[in-house]
Amino acid sequence: MKNRFIALAATLALAVPALAGSAGEPAPAFSLASRDGKDVSLAQYQGQVVMLNFWASWCGPCRQEMPLLESIYKKYGKLGFTLIGVNVEPDSKAALDWLKETPVSFPILFDKDSKVSKLYDVAGMPSTVIIDRSGKVRVLHRGYKPGDENEYMDSIRTLVRE
């Protein structure tokens with residue numbers, strides 16, 4: 001019985017493709033419009049450690065996390081790290097208004113039709129993905145609670161040394 005279960009589990013694992021954006025898998029490529037209207041692609045950051053932070057202006061934890069992300073970006077930006085904020089709202093006006101109150105210096109991109117969010121299996125806000133220098137997804141983090149930024153920094157410090 002145990003061997004049949006193992007065989008069935010192995011068959012199912014082979015039959016179900018790895019989810020795009022899964023840890024250890026290559027990060028799905030994308031290009032999105034930035035605040036200044038120019039398209040920005042993930043490929044532009046090849047060779048860097050990249051943190052994608054999917055967020056929305058109506059998301060309370062996102063609002064709480066954003067200033068902390070700015071400090072992480074400023075601290076590690078010179079070490080081969082970049083942070084990209086991906087706003088998921090269909091209308092970016094609320095996000096742009098909120099960013100006037102809480103400015104950040106890292107790139108903000110707009111995923112108005114949720115194509116990129118679907119590529120990375122984003123199910124809730126905020127969701128954070130950390131990609132290593134070789135382009136593989138290394139960290140998938142859903143939600144935010146105070147202290148999570150320490151986990152982000154631990155991962156970033158490890159990955160910039162690789």
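Computed from the coordinates by the stated procedures, all read-outs in this text should not be read as laboratory data. Bear in mind that the values here come from a model prediction, so they are computed numbers and not experimental data. FYI the Cβ positions are ideal-geometry reconstructions off the backbone, even for glycines, and counts take in every protein chain you see.
When only residues in segment 103-131 that are of a type in the set (Asp, Glu) and surrounded by fewer than 19 Cβ atoms within 10 Å (Cβ to Cβ) count, which is nearest to Pro61 (Cα to Cα)? Step through it out loud before you land on a result.
So the first thing to find is which residues in segment 103-131 are of a type in the set (Asp, Glu), and the list is 111, 113, 121.
Applying the additional criterion that residues be surrounded by fewer than 19 Cβ atoms within 10 Å (Cβ to Cβ) yields 113, 121.
On the way: Asp113: 22, Asp121: 19 Å.
Filtering first and then ranking leaves Asp121.
Of these, Lys100, Lys93, Lys145, Lys78, which one is free of Cβ contacts under 8 Å to residues at least 12 places away in the same chain, under 26 Å from Gly24 (Cα atoms) and exposed (fewer than 13 other Cβ atoms within 10 Å of the Cβ)? Even if it seems obvious, please write down each step before you answer.
Numbers: Lys100 fails: under 26 Å from Gly24 (Cα atoms); Lys93 fails: under 26 Å from Gly24 (Cα atoms); Lys145 fails: free of Cβ contacts under 8 Å to residues at least 12 places away in the same chain.
After applying the criteria, what remains is Lys78.
Go through (1) outside any helix (DSSP H, G or I); (2) under 16 Å from the mean Cα position of the chain (by Cα); (3) more than 22 Å from Pro26 (Cα to Cα) for Pro61 and report which single condition fails.
(1)
With Ile108, Ile72 as the choices, which residue is touching a Lys or Arg at 6+ places or on another chain (Cβ under 7 Å) and among the β-branched types (Val, Ile, Thr)? Don't jump to the end; show me each part of the working.
Values: Ile72 fails: touching a Lys or Arg at 6+ places or on another chain (Cβ under 7 Å).
Ile108 is the lone residue from the list that is touching a Lys or Arg at 6+ places or on another chain (Cβ under 7 Å) and among the β-branched types (Val, Ile, Thr).
Sort out which residues of segment 78-135 are β-branched (Val, Ile, Thr) and either in a loop (DSSP other than H, G, I, E, B) or touching a Pro at 6+ places or on another chain (Cβ under 7 Å) (or both), and write them in order of number. Walk me through how you get there before you give the answer.
Going through segment 78-135, the residues β-branched (Val, Ile, Thr) turn out to be 82, 84, 86, 88, 102, 104, 108, 116, 122, 128-131.
Passing the criteria: Ile84, Val88, Thr102, Val104, Val122.
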